[in-house]
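S.K.: Below you will find the structure I want to go over with you.
The values are calculated or read from the model by the stated rules, or taken from the named source; none is laboratory data. Predicted model, so just to flag it, every value in this text is computed and none were measured. Positions of Cβ are backbone-derived with ideal geometry, glycine not excepted, and every protein chain shown enters the neighbour counts. Side chains included, ligands, DNA and RNA excluded: accessible areas come from the protein's heavy atoms. Shrake-Rupley method; radii C 1.70, N 1.55, O 1.52, S 1.80 Å.
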Amino acid sequence: MKFSTSAKFHIYFTLCACFCFSAISNDTLTSSQSLVYNQTLVSPKNVFEFGFFNTTPSKWYIGTWYKDFPDKTYVWVANRDTPLQNSNGTLKIQDDGSLVLLNQTNSIVWSSNQTVSSVSNPVLNLLDDGNLILKEEQEKNYIWQSFDHPTDTLLPGMKLGWNLDTGVEIRVTSWKSQDDPSTGDCYFNLDYHGVINVYLWNKQQRVFGGVPILSTIAGLNDKIVADDHQAYYYPEGLLQSNLSRLVVNWTCSIERYAWIGTTKSWNKLWYAPEVECDYYGACGPFGICDSNAFPRCECVTGFAVKNQRQWDLRNFSDGCVRKTKLECGKDKFLHLKDVQLPDTRNVFVNKSMTLLECENMCLEDCSCTAYANEVITNGGTGCVMWNQSLVDLRQFNDAGQDLFIRLASSDVGK
């Protein structure tokens, strides 16, 4: 049988295409395979896709996005700070078990960088939760996973915080701009010093601390797990949606989305900072912020405005000062309800003390400015004590917790 020139070319091209591209399973890359431009891994239920993408003609990346969703949403980028100059990149598993991205000259531009004692048959899998995992083919334990190296997005099952044994931190950092996935200025992290909390930062300036607010949003199932070995915040799946995400936006806000299947769209459930009281230290030392009040800031009972001129101009940063000097041994406590506790990074914490024991300790310590329960559920347990100015106080209508502030006895009850 004879073939025309065009037919021969068609057969050659078809065979080459089958040889070069069809060998990759939908969700798995083996150590004998490579992933190149126009090839992707797809999770078993077609939820996520992993492959090459570009934001500008000269900047190419490899990462994960939701498959077949409108307005392609990227949830992880491997080489965010080392883009390829074109689409001629190759992803492969090396003999030492590490995952590497090579450019057109076969130079490594990104690597998973894990240390493995020995590997025999490593494979790369994309799971339906968005996790890209590297493991031995017949083993359950992971050699490496993308969930340990988030970029700007937290998905259900991911965690934010610290391995206290190794000192390794997992944080989420914004893109540089809307079209630039390189490391931006804003990041979301967990601080385990004092009372464990999560914070949003712009460079070294704190923008927002969110556990009290996050815990009041209906449908969120977030949690914090902490012991001597770890301290992590887990943004779990929303009750009404298995598809949800928490994003640190390049504009320096935290945004929480859930996928609405009926409308085929992302619903923004919550974001912060939203109002002025969301910003750290909005009312200065010993000032308390209330989003439902005007003006939003007032001084705690027993304190007066420090700089009235600036206060009248709605600049509350100088806060408030005591009206009456304390007399250790005679002081009493003002009981505030439904408040966000002030900055808890540099406080005394005892998880086993009762609230009465906490009060007595604070009374005996003349530098103690306030105390509260460490945990507020089931009637409250533990002790938190402040020995400095109280910053970032906020009043809620039906959330928050009790706080006891030290005042001169003559100022209590006024």
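S.K.: With just the Cα atoms of the chain, tell me how far they stretch along each of the three principal axes, in Å, largest first.
M.R.: Sorted largest first, the three principal extents are 108, 46, 41 Å.
S.K.: Shifting gears a bit: Please list, or write none, the lysines whose alpha carbon is within less than 19 Å of the alpha carbon of residue 332, excluding same-chain residues fewer than 8 places away.
M.R.: Output for residue 332: 323, 414.
S.K.: While we're looking at this one, here's another question. Can you pull the percent of Cα pairs in segment 226-324 with separation above 20 Å? Numbers along the way, then the final one.
M.R.: Details: 2821 of 4851 pairs.
That tail contains 58 percent of the Cα-Cα pairs.
S.K.: Kirkwood Rh, Cα Rg: Rg to Rh for segment 119-172? Don't skip to the answer; put the middle values down first.
M.R.: Details: Rg = 12.4 Å, Rh = 12.3 Å.
Reported Rg/Rh (Cα atoms, Kirkwood Rh): 1.01.
S.K.: For residue 297, what is the net charge nearby, where nearby means another residue's Cβ is under 14 Å from its Cβ and Lys, Arg count +1, Asp, Glu -1? Don't jump to the answer; show the numbers that get you there.
M.R.: Working: positive: 296, 306, 314, 394; negative: 276, 278, 290, 298, 312, 318, 392.
Around residue 297, the surrounding residues sum to -3.
S.K.: Å³ per residue of the Cα convex hull, for segment 291-363? Please list the in-between numbers first.
M.R.: Working: hull volume 9.8 nm³, N = 73.
Residue-normalised Cα hull volume stands at 134 Å³.
S.K.: Still on this structure, I have one more. If you roll a 1.4 Å probe over the chain with all protein chains in place, what percent of the accessible area is carbon or sulfur?
M.R.: On the way: 10190 of 21140 Å².
Using a 1.4 Å probe with all protein chains present, the chain comes out at 48 percent carbon and sulfur.
S.K.: For the chain, what is the mean residue ellipticity at 222 nm derived from helices alone (per DSSP H run of n ≥ 4: -39500 (n - 2.57); sum divided by total residues; nearest 500 deg cm²/dmol)? Show your work: numbers first, answer last.
M.R.: Working: 4 runs with 36 residues, N = 414.
After summing the helix terms and dividing by residue count, I get -2500 deg cm²/dmol.
S.K.: If you don't mind, there's one more thing I want to ask. Multiply the residue gap between residue 205 and residue 367 by 0.36 nm, knock off their C-alpha separation, and tell me the result in nm, one decimal place.
M.R.: 55.6 nm
S.K.: How much net charge surrounds residue 163 when only the other residues with a Cβ under 12 Å from the Cβ of residue 163 are counted, with Lys and Arg +1 and Asp and Glu -1?
M.R.: Values: positive: 159; negative: 148, 165, 169, 227, 228.
Net local charge, residue 163 excluded: -4.
S.K.: Which three semi-axes in whole Å describe the equivalent ellipsoid of segment 104-205, each the square root of 5 times a Cα gyration tensor eigenvalue, listed largest first?
M.R.: 28, 19, 13
S.K.: I would also like to ask the following. Based on the inverse mean of 1/r over its pairs of different Cα atoms, what is the Kirkwood hydrodynamic radius of segment 84-143, in Å?
M.R.: Details: mean 1/r = 0.0799 Å⁻¹.
Mean inverse Cα-Cα distance, inverted, gives 12.5 Å.
S.K.: Between the helical axis of 5-21 and the dominant principal axis of the chain, each derived from Cα atoms, what acute angle in degrees is found, rounded to the nearest 10?
M.R.: Value to nearest ten degrees: 40.
S.K.: Looking only at Cα atoms, what is the convex hull volume of segment 306-408 per residue, in Å³? Walk me through the intermediate numbers first.
M.R.: Numbers: hull volume 10.8 nm³, N = 103.
Normalising the Cα hull of segment 306-408 by residue number yields 105 Å³.
S.K.: Treating segment 29-161 as a set of equal point scatterers at the Cα positions, no solvent, please give the Debye-formula log₁₀ I(q)/I(0) at q = 0.18 Å⁻¹.
M.R.: -1.03
S.K.: Here's a follow-up. Quick one: of 72/176; 135/159; 67/268; 92/135; 203/337, which pairs are farther than 23 Å apart, Cα to Cα?
M.R.: 203/337
S.K.: Let me ask another. What ranking of 255, 327 comes out by heavy-atom accessible area, probe 1.4 Å, highest first?
M.R.: Working: 255 20, 327 105 Å².
The residues order as 327, 255, largest area first.
S.K.: Net charge near residue 314: determine it from the other residues with C-beta under 11 Å of the C-beta of residue 314, scoring Lys and Arg +1 and Asp and Glu -1.
M.R.: Values: positive: 296; negative: 276, 312.
Cβ neighbours under 11 Å give a net charge of -1.
S.K.: To the nearest 10 degrees, how steeply does helix 355-364 sit against the main Cα axis of the chain, on a 0 to 90 scale?
M.R.: Helix 355-364 sits at roughly 60 degrees to that axis.
S.K.: What does the extension gain come out to for residue 352 and residue 73, with contour length at 0.36 nm per residue minus their alpha carbon separation?
M.R.: Separation in residues times 0.36 nm, less the Cα-Cα distance, equals 95.9 nm.
S.K.: Using a probe radius of 1.4 Å on heavy atoms only, what accessible surface per residue do you get for the chain? Whole Å² is fine.
M.R.: Numbers: 21140 Å² over 414 residues.
Solvent-accessible surface per residue comes out at 51 Å².
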